[in-house]
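Data first, discussion second: the structure below is written as structure tokens.
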Amino acid sequence: MGNTTSILNARWPTDLPADADHALLSAGEYMMKLVKSVRDAEASLQRRSKKKGSKEAQAGEFNPSEPKTLDIFVASSFPQWQEDVISVLKECFDAATSTFDDKAIQAALGQRGLLKNKKAMPFAQVTKKRISLLGPAAFDRALTFAEIDVLSALLPYMSNNMGYSRVNIVDLGNADELGSALATVAESAVPGEPGILVAKA
């Protein structure tokens, strides 16, 4: 290759960036997490399709190696109830001690009618743990990358390496009215965590 010295004698590069590109790292982590979620969805569909009497079994057994399609539902905003829970947690967080006032949280969630939502308390607990691990900066859930752009870059991999004959990215912020089956999947989508639907082609 034209090299006259050994790599063992090479000096450490001096033109490396001073700081890590956190947006790029986050996008890479997002890609890996999504690929795993799609693989898990395939395995789940395959199990359900083998179960006699199931809705999936009526459509025939799902085989991941056969033609298949993937719909990815991308949300541009978080559900309002999640934003309300985050607001309560912020109010009840002591930055000096990095602790939450659990009694105040319970009372505030009740006053705002959020306890009627069965998802509110589990979400609050998960968020509290995240803040405890990452600090107050974790209150900000805004993505540091353009989710649609990252998914578009991932399309060739999903088609060529994962074997999907069709991959459809649905931007829920601009989507037309969805059918009931698709709407159920789309409902679970939040920024950074898209809803996914795997099906036989």
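Considering the chain at the alpha-carbon level, its Rg and Dmax are found to be 22.2, 74 Å. Long hydrophobic helices in the chain, taken as whole DSSP H segments with a C-alpha length of 15 Å or more on their own axis and mean Kyte-Doolittle hydropathy at least 0.5: 147-160.
By a straight-distance test (C-alpha under 18 Å), which aspartates and glutamates pair with LYS118 as possible cross-link partners, with residues fewer than eight away in the same chain excluded? The qualifying aspartates and glutamates are GLU83, ASP84, ASP102, GLU187. Sites listed here are trypsin sites (Lys or Arg not before Pro) in segment 124-201 whose DSSP assignment is loop and whose Cβ has at most 14 other Cβ atoms within 10 Å: ARG141.
Too long at a 28 Å Cα-Cα cut-off: which of LYS103/LYS129; LYS33/LYS200; LYS36/LYS116; LYS116/LYS200?
On the way: LYS103/LYS129 17 Å; LYS33/LYS200 22 Å; LYS36/LYS116 33 Å; LYS116/LYS200 38 Å.
As for pairs spanning more than 28 Å Cα to Cα, those are LYS36/LYS116; LYS116/LYS200.
Largest GNM mean-square fluctuation across THR69, THR127, THR97, computed for the chain with C-alpha springs under 10 Å, falls on THR97. The simple spin-label model puts a point 7 Å past each Cα toward its Cβ; for ALA153 and GLU187 those points are separated by 3.4 nm.
Over the chain, what relative contact order in percent results from Cα pairs under 8 Å that are six or more residues apart? Please list the in-between numbers first.
Numbers: 199 pairs, mean separation 71.5, N = 201.
Dividing the mean separation by the residue count of the chain yields 36 percent.
Using a 1.4 Å probe on the protein heavy atoms, what percent of the accessible area of the chain belongs to carbon and sulfur? Working shown, then result.
On the way: 7210 of 13400 Å².
Using a 1.4 Å probe with all protein chains present, the chain comes out at 54 percent carbon and sulfur.
The values are calculated or read from the model by the stated rules, or taken from the named source; none is laboratory data. Quick caveat, the model's predicted, so the values are computed rather than measured. Neighbour counts run over all protein chains shown; Cβ positions are idealised from the backbone, glycine included. Surface areas here come from the heavy atoms of the whole protein model, side chains and all, with no ligands, DNA or RNA. Shrake-Rupley method; radii C 1.70, N 1.55, O 1.52, S 1.80 Å.
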